[in-house]
Amino acid sequence: MATTEGLVPITRTYLARYYDNYPLPPLPDATTDLAARLRALSADLAAVAPITPDEELLEQEAAGIPAHKIDENLWKNREQMEEILFLINTSRRPVALQQKSTPEDAQIVCTLDDIEAKLKDMLKKLEQFQLENADSVFNTVMTYMPQDFRGTLIRQQRERSERNKQAEVDALVSAGGSIHDRYALLWKQQMERRVQLAQLGSATGVYKTLVRYLVGVPQVLLDFIRQINDDNGEKDDIDVLQQAVVIYTKEFLKFTVFIGEVFVNAPFFISAEDAGAMDASTKSDEYKEIIIPAGKTHEVILSVEAVNSYIAWDFSLQQGALNMVLDIGFHVEHISPSGEKTLILPHRRYEADQGNFCTVSSGSYKLVWDNSYSSFFKKILRYKVDAVPPVVEPALPAIVL
């Protein structure tokens, strides 16, 4: 069993720096032009062949915003590849194409067969990528589990869970569930895996989706292919479809290879020293200086995301030519979403207050330096404040028999 002693969960800052070393090459220039042509073709087809009730869901999918999370986006790409493959299946093609009535029809069939082959190959590669990535994540977490009968039990539980999930999918298909129904179930099961993994590793910080990448689901392609079987389809534009599929499958394969290498090498835990150094490098250690006129206040608003966080401050007053009274009022307030204020740190007058902090829950907080009681003397305030999240120790659960 690998030890977690001296390690902390990967931080957002550290992981962001890691991903900076893996820039993804941009999409080809032709992608934009092809997308525009497909949108135009889709609009033309919709004008002559109105959408049927059973096609409305596909239209919604095509018009929606692509998923930003990598995991969800990959599942959505799988779903839409299967929808396209269903639409261009030989049994669903117009009779003229099935019979290859003319040389032109024969050429169109050849093109559709080529599109089908490329999408099937990409779909298979994507499924394999997801399986390998899931195994990689699970095995990484398992390296921090006891390598004895307890680890064996966890693996057996996972295998049993996967068999039950597959049986659930098979039952849905046997009952006549649609492709969309099946992928809704698959995504629900994927969320369940995340919960199980989180429970296995007390997962806060162990595995988070920290990088958002928009693959670009080819929705206009789906919108176009939805009408490809219509008798009024535009046969002269089939080459546009083929070009789009070529670019889509090529670029998607490039992305899965790229992101697979990134995932394999991505750290899960780092030393506390590395985390501290990274956090320190992203926060300014410089003090701010401000003049607070007589009768005025200076306020700083901090946003806190997690319970048991800290608000820390360090301030002092500077001697000025006309500043004979070196003290100032200071207090901390919590501000509710409705604007209600609750005193967290009572109002007191300080000459300085260095290295102090208070523990707080999530929400908004206001730090107030109050010079309103002074009718003549301005105050020169030198200060630094920060909101510090709680330290999260990666607690791995034991199995009690």
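The values are calculated or read from the model by the stated rules, or taken from the named source; none is laboratory data. Quick caveat: nothing in here was measured; it's all calculated off a predicted structure. Neighbour counts are summed over all protein chains in view; Cβ atoms, including those assigned to glycine, are modelled from backbone coordinates with ideal geometry. The protein model used for the area step is the full one, side chains on, heavy atoms only, and it has no ligands, DNA or RNA in it. Shrake-Rupley method; radii C 1.70, N 1.55, O 1.52, S 1.80 Å.
Things worth noting here:
- Condition met for Leu74 (open to solvent by less than 30 Å² (accessible area, probe 1.4 Å) and closer than 16 Å to Leu186 by Cβ): yes
- Some residue of segment 121-135 being under 37 Å from the mean Cα position of the chain (by Cα), over 20 Å from Trp187 (Cα atoms) and modelled with pLDDT of 90 or more: yes
- Qualifying residues in segment 374-395 (those that are open to solvent by 80 Å² or more (accessible area, probe 1.4 Å) and modelled with pLDDT of 85 or more) - the one farthest from the chain's Cα centre (by Cα): Lys378
- Candidate set: segment 26-69, residues that are basic (Lys, Arg) and part of a helix (DSSP H, G or I); chosen: the one surrounded by the most Cβ atoms within 10 Å (Cβ to Cβ): Arg37
- Test for Asp114: is it modelled with pLDDT under 85 and over 30 Å from Gln190 (Cα atoms): no
- Test: residue in segment 199-219 that is out of contact with any His (no Cβ under 8 Å at 6 or more places or on another chain), modelled with pLDDT of 55 or more and open to solvent by 70 Å² or more (accessible area, probe 1.4 Å): no
- Whenever a residue of segment 248-260 is closer than 11 Å to Leu126 by Cα, its partners that are of a type in the set (Asp, Glu) and part of a helix (DSSP H, G or I), lying with C-beta atoms within less than 9 angstrom and at least six residues away or across chains, give the pairs Thr249/Asp121; Leu253/Asp121; Gly260/Glu132.
- Residue within segment 178-198 that is surrounded by fewer than 16 Cβ atoms within 10 Å (Cβ to Cβ), closer than 26 Å to Leu119 by Cα and modelled with pLDDT under 55 present: no
- Matching residues, segment 333-366, being part of a loop (DSSP other than H, G, I, E, B) and under 23 Å from Ser316 (Cβ atoms): Glu351
- In the set (1) in contact (Cβ under 8 Å) with a residue 24 or more places away in the chain; (2) within 30 Å of Phe129 (Cα to Cα); (3) open to solvent by 30 Å² or more (accessible area, probe 1.4 Å), Gln80 fails one condition alone, (3).
- Ala171 fulfils the conditions (1) modelled with pLDDT of 90 or more; (2) surrounded by 15 or more Cβ atoms within 10 Å (Cβ to Cβ) except for a single criterion, (2).
- Among the residues of segment 267-300, the ones that are at pLDDT 85 or above and loosely packed, with under 11 Cβ neighbours inside 10 Å come to 2 in all.
- Subset of segment 301-340 [under 37 Å from the mean Cα position of the chain (by Cα), surrounded by fewer than 12 Cβ atoms within 10 Å (Cβ to Cβ) and either of a type in the set (S, T, N, Q) or over 21 Å from Asp386 (Cβ atoms) (or both)]: Ser303, Ser336, Pro337, Ser338, Gly339, Glu340
- Residue pairs meeting the criteria (Cβ under 7 Å; at least 6 apart or on separate chains; first more than 21 Å from Gln243 (Cα to Cα), in segment 30-53; second in a loop (DSSP other than H, G, I, E, B) and not hydroxyl-bearing (Ser, Thr, Tyr)): Val48/Asn232; Ala49/Gln227; Ala49/Asp230; Ala49/Asn232
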